[in-house]
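So the structure is just underneath, and the comments pick up after that.
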Amino acid sequence: MTLEERKLGIINWITQIGNEKIIEKIEHLKGEENWFSQLPEGAQKAIEESKAQADEGKFMDSEAQIEKLKNLL
């Protein structure tokens, strides 16, 4: 199943939801989407670099990464 098909399935499911509590939870999830853009630019860059390194199979010790992020915040 492609990403587009999955998204359309979710849209279809949402249109059939009658429970307001579930809709509120979905709205809450939507708000969490912007957490990354709320981080300081230095923290965003560090996360992006870490992801790129992980994608290449290069990993940094978690304690070293935490210290690096503390210095950026």
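Below is a table of values for the structure above.
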{"quantity": "Karplus (6.51, -1.76, 1.60) ³J(HN,Hα), θ = phi - 60°, over segment 40-50, in Hz, Gly and Pro reported as x", "calculated": "x, 4, x, 5, 4, 4, 4, 5, 4, 5, 4"}
{"quantity": "The chain - convex hull of the alpha-carbon atoms, volume per residue in Å³", "calculated": "139 Å³"}
{"quantity": "Rounded to the nearest 20 debye, dipole of the chain from Cβ charges on Lys, Arg, Asp, Glu", "calculated": "120 debye"}
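Computed from the coordinates by the stated procedures, all read-outs in this text should not be read as laboratory data. This is a predicted model, so every value here is computed, not measured. For neighbour counting, all protein chains shown are included, and Cβ atoms are generated from backbone atoms with ideal geometry for every residue, glycine included.
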